1. State yes or no: is Tyr71 hydroxyl-bearing (Ser, Thr, Tyr), within 22 Å of the chain's Cα centre (by Cα), under 12 Å from Cys6 (Cβ atoms) and modelled with pLDDT under 95?
2. Out of all the residues in the stretch 82-133, which are among the polar types (S, T, N, Q) and either in contact (Cβ under 8 Å) with a residue 24 or more places away in the chain or at positive phi (or both)?
3. For the stretch 9-61, what are the residues that are at positive phi and touching a Lys or Arg at 6+ places or on another chain (Cβ under 9 Å)?
4. Within the stretch 74-97, how many residues turn out to be more than 16 Å from the chain's Cα centre (by Cα) and crowded, with 19+ Cβ neighbours inside 10 Å?
5. Spot the failing condition for Ser31; the list is (1) more than 24 Å from Arg128 (Cα to Cα); (2) touching a residue at least 40 places away in the same chain (Cβ under 8 Å), and only one is missed.
6. Go through Thr189, Thr143 for me and flag whichever is within 18 Å of Ser112 (Cα to Cα) and either acidic (Asp, Glu) or out of contact with any Lys or Arg (no Cβ under 8 Å at 6 or more places or on another chain) (or both).
7. Pick from Asp18, Asp35: which is modelled with pLDDT under 90, assigned to a helix (DSSP H, G or I) and surrounded by fewer than 13 Cβ atoms within 10 Å (Cβ to Cβ)?
8. Could you list, in sequence order, all residues of the stretch 139-180 that are of a type outside the set (A, V, I, L, M, F, W, C), touching a strand residue (DSSP E or B) at 6+ places or on another chain (Cβ under 6 Å) and buried (at least 19 other Cβ atoms within 10 Å of the Cβ)?
Amino acid sequence: MNKTFCTYPWTSLTYLPDNKTKICGANRDHSHDPDNDRKNTQVLKTARLKMLKGETVPGCEFCYVRENNEYWNTKRKESLKIWGKWQDEFINATDGNGNTTFQPFYIDYRESDVNKLSTIIKSLPRVRVLKLYKIDYTLDWSTAFKKLKNKMGHFYCCGDSNKFRFDKEFLDVESRSRRVSIIHNLQNTDPTFTVNKVQQLQELFTGEEDEVQLYVQVKEKITNNFLNAFEKFDHAFPNIKLRIYADDINKVRGDPIEYYNGEIAVANKMKELVNSSNNEDLQALYKQLS
């Protein structure tokens with residue numbers, strides 16, 4: 001298949017606050033959901049037709065930049081590896097206008113409405129992947145989880161370290177693999193609190209395919225405590241995946257700096273982006289870590 005083709009416009013549904021949607025979690029372009037056939041919104045139909053023709057899709061630069069820079073992995077390539085076996089089926093179920101009858105099985109849910117998630121799960125014949133991103137973890141989500149009709153392949157949860165929980169109602173969700181991404185906010189969270197939270201989760205996640213990730217959230221400007229926090233995380237979790245998101249990179253639709261096991265996974269062209277940035281702290285950080 002061509003270099004822009006991806007399974008997400010067929011296999012996944014993304015639910016954002018304020019009745020918005022997008023092609024997938026990595027895509028940068030949001031659009032309003034017309035509240036009719038969610039799997040055949042205009043943004044998905046357009047993406048499908050472009051991908052089938054080998055054309056680039058607006059907002060998909062997250063993967064394009066990574067692949068042009070020979071990055072170690074992308075969501076597009078990952079989707080083909082995991083769900084490519086359904087490729088012929090969902091292509092054959094798609095008409096000339098981009099409409100499809102293929103039933104999606106990946107829910108990327110980013111709203112804090114338990115009843116809505118319950119309705120979504122109930123409407124689908126099967127859910128293979130459920131991703132919960134920055135939901136309100138103080139709510140009781142067990143009502144929605146009870147609607148699941150099968151053991152899932154993947155169960156993802158993501159949230160701020162000071163708002164996140166993963167107790168019995170989440171642990172009872174049957175899934176082959178579980179991944180938690182904890183977000184550390186430099187502005188209002190003590191690194192020691194986040195370290196303790198991650199350690200607690202690591203004790204719960206003992207499955208062969210389970211994973212805990214740690215994101216360092218950088219907003220507006222890299223603060224003075226950044227390197228101290230980063231070094232503390234790196235010392236506490238030498239084998240964990242640490243991700244750093246900086247505004248300068250987000251604005252140009254580029255790739256985050258990703259630090260993993262003492263290596264910077266930033267390809268050659270990313271050096272040009274970092275060096276051309278107006279953020280002197282970001283430049284210094286990159287030089288120190290590379």
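The values are calculated or read from the model by the stated rules, or taken from the named source; none is laboratory data. The structure displayed is predicted, hence computed values, not measured ones. Note that each Cβ is placed from the backbone with ideal geometry, even for glycine, and that neighbours are counted across all protein chains shown.
1. It is false that Tyr71 is hydroxyl-bearing (Ser, Thr, Tyr), within 22 Å of the chain's Cα centre (by Cα), under 12 Å from Cys6 (Cβ atoms) and modelled with pLDDT under 95.
2. Gln87, Thr94, Asn97, Asn99, Thr100, Gln103, Ser112, Asn115, Ser118
3. The answer is Gly54, Gly59.
4. 3
5. (2)
6. Within the list Thr189, Thr143, the selection yields Thr143.
7. Asp18
8. Tyr156, Ser161, Ser175, Arg178
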